[in-house]
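The values are calculated or read from the model by the stated rules, or taken from the named source; none is laboratory data. All values derive from a computational prediction rather than experimental measurement. Note that each Cβ is placed from the backbone with ideal geometry, even for glycine, and that neighbours are counted across all protein chains shown. SASA here: full protein model, heavy atoms, side chains in, ligands and nucleic acids out. Shrake-Rupley method; radii C 1.70, N 1.55, O 1.52, S 1.80 Å.
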Amino acid sequence: MARFVAIERGTDRVYGDTARFGSAGNVVSPADAVCLFDRHAGRAPRGFGYVKPDSDSAHYDVYEIPPSAPSRAPASDAEAQALLREHGALVTSLVTYNS
C-alpha cells in the first residue's frame, strides 16, 4: 500500500503520516489518508475534493512516500519536511467540505 503524508496548506505543518498507523494506515487514496487522520484527531466526517496543486482553495497537499524510503514516521515537522524533500512526490491537493 502507498504511504501518504498530508501537509496543511496554510501552516506547512504535518497533518498526518500513514506510517504512524501500522497496518491501519494501509489506505488506497490521499483522501482516505486524510479521513484516517481526521478520525484519529476526533474530527467530524467531512468531504474532500481534488484540486490542482496551485489552487488557492486547497487545504492539504498530500505526498506519497515510496517503500524504499525510511519507514519510521518523522518525530517533528522539520524531519517530515526533510523526508518529503528527499523522497516525497506530490500526488494531489485537497479541498475540504463541511469542516
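What to note about this one:
- Ranked by solvent-accessible area (1.4 Å probe, protein heavy atoms only, all chains present), the residues 11, 18 order from largest to smallest as 11, 18.
- Rounded if a/c under 1.5, otherwise prolate or oblate - region 32-99, Cα gyration tensor axes: oblate
- Euclidean distance of C-alpha centroids, region 1-59 and region 69-99, integer Å: 9
- Against the chain, whose longest principal axis is taken from its Cα atoms, helix 77-87 shows a tilt of about 70°.
- Once C-alpha pairs closer than 8 Å and six or more residues apart are averaged by separation and normalised to the residue number of region 12-80, the relative contact order reads 35 percent.
- Largest to smallest accessible area among 59, 87 [probe 1.4 Å]: 59, 87
- Angle in degrees between helix 30-41 and the longest Cα principal axis of the chain, rounded to the nearest 10: 90
- Between the residues 22, 91, 69, the greatest Cα displacement towards the positive end of the dipole of the chain, with unit charges on the Cβ of Lys, Arg, Asp and Glu, is found for 22.
- Neighbourhood charge, 12 Å Cβ-Cβ cut-off, centred on residue 60 and excluding it, Lys, Arg +1 and Asp, Glu -1: -1
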